[in-house]
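Presented below is the structure to which this report refers.
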Amino acid sequence: MSETYSDSHLREILTRTRRVAVVGVSMNPVRPSYYVARYLTLKKYQVVPVNPGHAGKVLFGQTVVARLSDIEGDVDMVDIFRRSEHVPPIVDEALVAFKGLKTIWMQIGVEHGEAAKVARARGVDVIMDRCPKIEYQRLFGELRMGGFNTGVISSKL
């Protein structure tokens, strides 16, 4: 069951966040994890791609790392594109790796109440079953009546 989050809370998270680790990012441009990560880079977030299957490759000007603990420096948010059952070890690793971690964000369809409880106990905000791209577009006026402002599909001739 999805939790509800106030628009002001989501807006605060998206405004304060500067560096995002995207766990489970794909190199395939048609995959949601790819275009969400791309969108975040276009919005001037520094995106650190995390995927052990693509470690060492470059995506959006950043070298893909195998795991969160391979990231140099801190991140503000960890955006998780993995199935719900894979969330607990990701959250545990994030809590150890990043002293300045402010948000764990689980993508649409991804929820894990116990992992959320652990993160919240450490003072980290948790968003589940939401997409930061969609929320950014909705909250900052980028959604149009025709749907998502992706620039890929257009009714213009």
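The values are calculated or read from the model by the stated rules, or taken from the named source; none is laboratory data. Note that the structure is a prediction, hence the values are computed from the model and not measured. Reconstructed Cβ throughout: ideal geometry from the backbone, glycine too, with neighbour counts over all protein chains shown.
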Fill in: Verdict on Tyr5 being of a type outside the set (Val, Ile, Thr), within 20 Å of Asp129 (Cβ to Cβ) and in a loop (DSSP other than H, G, I, E, B)
yes
Worksheet item: Listed residues Ile80, Ile90, Ile104, Ile13; which is within 24 Å of Glu142 (Cα to Cα), touching a residue at least 60 places away in the same chain (Cβ under 8 Å), touching a strand residue (DSSP E or B) at 6+ places or on another chain (Cβ under 6 Å) and not basic (Lys, Arg)?
Response: Ile13
Worksheet entry | Residue check, Glu114 over 16 Å from Ser33 (Cα atoms) and either out of contact with any strand residue (DSSP E or B) (no Cβ under 6 Å at 6 or more places or on another chain) or modelled with pLDDT of 95 or more (or both) | yes
Worksheet item: So, of the residues in region 38-59 that are without any contact (Cβ under 8 Å) to a residue 24 or more places away in the chain and under 15 Å from the mean Cα position of the chain (by Cα), which turns out to be surrounded by the most Cβ atoms within 10 Å (Cβ to Cβ)?
Response: Thr41
Worksheet item: In region 8-37, which residue that is assigned to a helix (DSSP H, G or I) and touching a helix residue (DSSP H, G or I) at 6+ places or on another chain (Cβ under 6 Å) is surrounded by the fewest Cβ atoms within 10 Å (Cβ to Cβ)?
Response: Arg11
